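The values are calculated or read from the model by the stated rules, or taken from the named source; none is laboratory data. In this text the structure is predicted, and so the values were computed from the model without any measurement. Cβ atoms come from the backbone with ideal geometry, glycine included; neighbour counts cover every protein chain shown. Protein only, heavy atoms only, side chains kept; ligands, DNA and RNA dropped before computing areas. Shrake-Rupley method; radii C 1.70, N 1.55, O 1.52, S 1.80 Å.
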Amino acid sequence: MNIRNNTILSFLLLLAGIAMPATARDRQQFDDDWLFCLADTAAMAQQNYDDSKWRRLNLPHDWSIEGDFLASNPAGAGGGALPGGVGWYRKHFKVNRQADEKTYIQFDGVYQNSTVFVNGHELGTRPYGFISFEYELTPWLNEGDNVVAVRVDNSKQPNCRWYSGSGIYRHVFLLHVNTTHVAQWGTYVTSRVADNAKTADVNVEVEVEGAAADTRVVNTLFDASGKVVATDTKPQKTAGNGGKPALFKSSMRLKNVRLWSLDDPYQYKLETAVYNGKTLVDTYTTMTGVRYFKFDAEKGFSLNGKPMKLNGVCMHHDLGCLGAAVNDDAIRRQLLSLREMGCNAFRTSHNPPAPELLAMCDSMGFIVMDEAFDMWHKKKTRYDYSLFFDKWFERDLTDFIRRDRNHPSILIWSTGNEVLEQWSSDGGEDLTIEQANLILNFGHDASTLSNGKEKSTNTMLAERLAEIVRSLDNTRPITAGCNEPNPNNHLFKGNGVDIIGYNYHNQNMADVPKNFPGKPFVITESNSSLHSRGYYVMPSDSVVIAPKEWWLPYTDPSFMCSAYDNSRASWGNHHEETWDLIKHNDFITGQFIWTGWDYIGEPTPYSFPARSSYFGVVDLAGFPKDIYYFYQSEWTDKDVLHLFPHWNWIKGQTVDLWCYYNHADEVELFVNGRSQGVRRKENDHQYHVMWRVCFEPGEVKVVARKDDKTVREQTIKTAGAPHHIRLTSDKNSINANGRSLVFVTVEVVDKDGNLCPNAENEIVFSVDGGATIAGVDNGCQTSMERFKVNHRKAFFGKCLVVVQAGRQPGTATLKAQSADLEQAETIIKIK
């Protein structure tokens with residue numbers, strides 16, 4: 001809340017005998033009008049440095065996504081084959097200083113090794129590119145003109161196993177507060193639901209910086225309509241010692257509670273008011289949800305007493321052609337697509353996510369596994385976070401938990417993914433006992449297991465991470481994504497995890513109850529099935545394992561993978577077989593599919609010129625692959641009938657047709673009106689049916705029947721020659737805020753409007769009305785076309801153009817043109 005110049009609030013406070021503060025919380029988005037240069041000299045930190053020729057831009061910004069794909073880029077194909085380097089950002093701003101005011105700058109994320117300066121004074125460095133942080137500016141601010149400068153060093157690569165992006169890729173805020181104020185991430189809200197699920201005790205902890213003897217706190221809880229539903233005017237106060245903030249503890253009884261759930265993700269708003277005497281000096285808002293859940297070793301997972309499977313996906317942080325630069329509309333598009341598929345859970349692989357993602361999971365009803373690290377002390381790539389882990393893990397993990405612990409969507413913490421500390425001396429030296437004693441900082445003897453045996457330093461490290469998490473939040477269980485299923489895995493010993501998490505290893509899951517009695521179990525990462533949208537390898541009942549073993553190279557001149565569920569990595573499984581295992585075993589809580597969407601980097605099973613992944617259920621452009629409809633048929637109540645592939649082949653060619661369906665007893669296929677037979681799922685372990693037919697031009701039709709009545713039909717026609725372009729927008733209007741996006745699907749179709757499934761026409765885009773083209777894509781994992789241009793080739797008949805609003809209301813016209821095709825245009829309203 002910004003109390004400055006709020007005349008209504010001033011009047012109400014005066015009536016109540018409460019004085020208005022000279023300074024109160026004012027948090028401003030600090031994204032606009034930065035200057036950027038991809039170069040590096042120490043002088044760039046100074047206030048008087050001449051930056052007049054630098055590029056002007058708005059944040060969030062990712063400079064790597066603007067570059068060319070090159071085999072010589074040090075990130076390699078695993079990092080997306082895009083450039084890194086060192087870049088500087090500078091912003092000129094003015095402040096009007098007040099005696100009782102402090103000013104902070106807050107960064108949601110900078111990749112990576114960021115050093116921040118204000119007026120030439122160095123504020124600090126944060127090496128971890130996925131963490132949020134803040135610095136106080138107050139002592140070094142001038143009355144009037146000021147300059148903040150940020151050096152971002154992503155030059156030493158590879159440092160990430162997937163595409164990271166480069167730059168200030170998340171939002172920045174400038175915060176003005178009274179010297180007495182709620183600390184950064186200074187509220188902690190928990191709740192305990194009564195057995196009748198109608199009331200709940202809401203407990204609140206508030207940390208206050210600069211608290212005086214007469215400082216007090218009032219907590220007020222509002223429902224979604226703005227009605228006050230609970231309040232506490234006299235929280236218990238504990239004075240801060242040694243520079244620590246004062247702690248205020250509060251408890252409120254919430255009646256007629258409305259629980260947060262997947263179908264009704266209801267949230268309450270907590271407003272914390274801080275007073276010095278009768279003067280209001282700070283207000284702080286925290287969104288919260290009330291729910292209860294259980295992970296059971298035998299029965300799996302339940303939310304608010306309702307048993308359910310975690311039908312989840314793993315997701316990396318890039319947004320396709322937008323790169324790593326955070327955008328609300330792009331994140332929302334991903335989540336909407338996943339929800340339509342039936343997904344209800346999200347793993348933030350393998351790092352702290354953007355705050356906007358978590359807020360959307362809260363409001364849309366997704367369960368989140370929030371993950372901290374991809375590596376610990378032992379390195380995975382030459383320049384990765386392991387270089388900084390020993391010094392920074394405690395600070396980074398603490399900041400991560402404090403930032404995220406109020407989100408109702410988060411039900412699981414993950415301290416790591418496939419860390420090499422699962423084994424002894426694998427990928428680097430284990431911590432020595434001396435190192436462990438130095439960096440782990442236990443407050444008790446942690447050297448032995450409960451059976452009296454001496455712990456490994458790897459187990460001690462896992463326990464130290466868990467201890468940090470539990471000290472900050474003891475309401476959620478801890479897991480880690482492990483690709484070693486053996487009970488002797490160092491992470492499974494001791495008290496490092498509450499939930500056993502396997503990455504893959506379906507063949508070992510039957511032994512989980514025996515090997516880990518009393519421990520809940522979740523598949524933290526599943527499948528690694530490989531698909532290129534629109535590409536089909538027949539016969540479809542053959543299996544392609546690519547590569548045969550993870551360390552072996554794999555070659556195929558197509559650089560594509562089959563869109564049937566018949567291609568997988570050696571360590572993985574097909575989608576249907578993993579779901580069958582989960583569906584028929586109550587003890588398996590659920591899964592997180594690798595991955596929900598394709599992402600830039602890690603183009604398994606190929607190397608360059610492949611530069612993005614094949615794992616996704618949805619491709620990089622946001623177009624669903626065929627396997628999407630398998631999940632929709634199993635995970636949702638929607639009526640599903642999905643026949644594939646297309647019907648453009650060589651005359652006489654043998655073609656395998658698959659069909660995913662539900663809510664029907666049988667399906668029948670017709671080729672040009674002639675029946676090819678009726679198919680039925682013979683048992684509840686079968687998830688698709690198939691016909692092997694001879695291609696002839698015309699059409700194929702599938703008919704679904706229930707109780708001998710036709711309930712659904714789908715027809716696919718042989719497409720003729722490409723004739724024109726069809727544009728389909730995901731929305732008709734966007735906001736005139738300079739950030740809103742519209743995603744336009746571009747299809748090459750024949751004269752009758754049938755998609756041309758093999759079309760690869762290059763399409764050129766133009767837009768007017770103050771809008772701009774934010775990016776283009778087509779989902780092809782090997783395309784060397786830049787993302788930040790105005791043209792794109794179709795990939796199996798489709799591509800994508802993303803249009804970004806300007807700041808002036810009106811209309812924008814998007815035009816799409818291609819040689820030998822009739823052009824298309826669409827109107828976008830900008831409000």
Original post:
For segment 477-618, what is the charge dipole size about the Cα centre, in debye to the nearest 20, if Lys and Arg each add +1 at the Cβ and Asp and Glu each add -1 at the Cβ?
Top reply: 220
Original post:
Roughly what % of Cα-Cα distances in segment 716-807 sit above 23 Å, to the whole percent?
Top reply: 28
Original post:
Under unit Cβ charges (Lys, Arg +1; Asp, Glu -1), what dipole magnitude, rounded to 20 debye, does segment 165-246 have relative to its Cα centre?
Top reply: 60
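If you wrap a convex hull around the alpha carbons of segment 107-172, what volume per residue comes out, as a whole number of Å³?
On the way: hull volume 5.4 nm³, N = 66.
Roughly 82 Å³ of hull volume per residue.
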Original post:
Cα centroid distance between segment 242-274 and segment 572-648, in Å?
Top reply: 37
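How much mean residue ellipticity at 222 nm does the chain get from its helices, if each DSSP H run of length 4 or more adds -39500 (n - 2.57) and you divide by all residues, to the nearest 500 deg cm²/dmol?
Numbers: 9 runs with 98 residues, N = 831.
Computed ellipticity for the chain at 222 nm equals -3500 deg cm²/dmol.
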Original post:
Which is farthest toward the positive dipole end of the chain among Pro809, Gln653, Gln435, measuring Cα position about the Cα centre, with Cβ charges +1 (Lys, Arg) and -1 (Asp, Glu)?
Top reply: Pro809
**OP:** With unit charges on the beta carbon (Lys/Arg positive, Asp/Glu negative), name the residue among Pro127, Val177, Val148 whose Cα is farthest towards the positive pole of the charge dipole of segment 123-209.
**Re:** Pro127
**OP:** Please tell me the relative contact order of segment 457-565 in percent, rounded to the nearest whole number, where contacts are Cα pairs under 8 Å and at least six residues apart.
**Re:** 22
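Just how large is the dipole of the chain about the Cα centre, in debye to the nearest 20, putting +1 at every Lys and Arg Cβ and -1 at every Asp and Glu Cβ? Don't skip to the answer; put the middle values down first.
Numbers: 87 positive and 101 negative charges, 316 e Å.
Approximately 1520 debye in magnitude.
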Original post:
Which ³J(HN,Hα) values in Hz, rounded to whole numbers, follow from the phi angles of segment 644-649 under the Karplus curve 6.51 cos²θ - 1.76 cosθ + 1.60, where θ = phi - 60° and Gly and Pro get x?
Top reply: 7, x, 5, 10, 10, 9
**OP:** Pull up all non-local amide H partners of Ala230: gap of 5 or more, or a different chain, and H-to-H distance under 5 Å with H placed in the peptide plane.
**Re:** Leu221
Original post:
Helix 386-404 versus the longest principal axis of the chain: what is the Cα-based angle in degrees, 0 to 90, to the nearest 10?
Top reply: 80
**OP:** Order these peptides, 65-73, 496-504, 550-558, 151-159, by their mean beta-carbon neighbour count within 10 angstrom, highest first.
**Re:** 496-504, 151-159, 65-73, 550-558
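How big is the C-alpha Rg of segment 666-740 next to the rule-of-thumb value 2.2 N^0.38 Å, as a ratio?
Taking N as the residue count of segment 666-740, the ratio is 1.71.
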Original post:
Relative contact order of the chain: what whole-number percent is it, with Cα pairs under 8 angstrom and at least 6 residues apart?
Top reply: 9
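If a/c stays under 1.5 just call it rounded; otherwise compare a/b with b/c (prolate if a/b is bigger, oblate if not). Do that for segment 603-688, with a ≥ b ≥ c from the square roots of the Cα gyration tensor eigenvalues.
It comes out oblate by the Cα gyration axes.
Let me know the Kirkwood hydrodynamic radius for segment 736-783, please, with Cα pairs as the basis and the value in Å to one decimal. Provide the component values of the computation, followed by the final result.
Values: mean 1/r = 0.0744 Å⁻¹.
One decimal place: 13.4 Å for the Kirkwood radius.
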Subject >> Rg/Rg_ref, segment 292-353, where Rg_ref = 2.2 N^0.38 Å and atoms are Cα >> reply: 1.37
Subject >> nm² value of the averaged projected area, convex hull over the Cα atoms of segment 360-431 >> reply: 5.5
**OP:** Could you let me know the centre-to-centre spacing of segment 277-329 and segment 350-412, using Cα atoms, in angstrom?
**Re:** 12
Subject >> Rg(Cα) / (2.2 N^0.38 Å) computed for segment 274-328, rounded to two decimals >> reply: 2.05
Original post:
Cα centroid distance between segment 701-776 and segment 508-555, in Å?
Top reply: 32
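Starting with the highest mean, order 679-690, 590-601 by the number of other Cβ atoms within 10 Å, averaged over the residues of each peptide.
On the way: 679-690: 14.2, 590-601: 25.8.
Most protected by this proxy first, the peptides run 590-601, 679-690.
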**OP:** Work out the count of Lys pairs in segment 678-831 where the Cα-Cα distance is under 14 Å, with the pair 8 or more places apart or on different chains.
**Re:** 5
**OP:** Would you calculate the separation in nanometres between label points at Thr811 and Ile545, each defined as 7 Å from the Cα along the Cα-to-beta-carbon direction?
**Re:** 5.9
**OP:** Quick one: pull the percent of accessible area on the chain belonging to carbon and sulfur, 1.4 Å probe, ligands and nucleic acids left out.
**Re:** 48
**OP:** Subtracting the Cα-Cα distance from 0.36 nm times the residue separation, let me have the gained length for Asn672 to Ala43 in nm, one decimal.
**Re:** 219.1 nm
Subject >> Calculated FRET value between Asn585 and Asn486, using beta carbons and R₀ = 35 Å, to 0.05 >> reply: 0.95
**OP:** With unit charges on the beta carbon (Lys/Arg positive, Asp/Glu negative), name the residue among Gln106, Gly79, Gly673 whose Cα is farthest towards the positive pole of the charge dipole of the chain.
**Re:** Gln106
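When you count, for each residue, the other Cβ atoms within 10 Å and take the mean per peptide, how do 208-217, 649-658 rank with the highest first? Provide the component values of the computation, followed by the final result.
On the way: 208-217: 18.4, 649-658: 14.7.
My ranking of the peptides, most packed first, is 208-217, 649-658.
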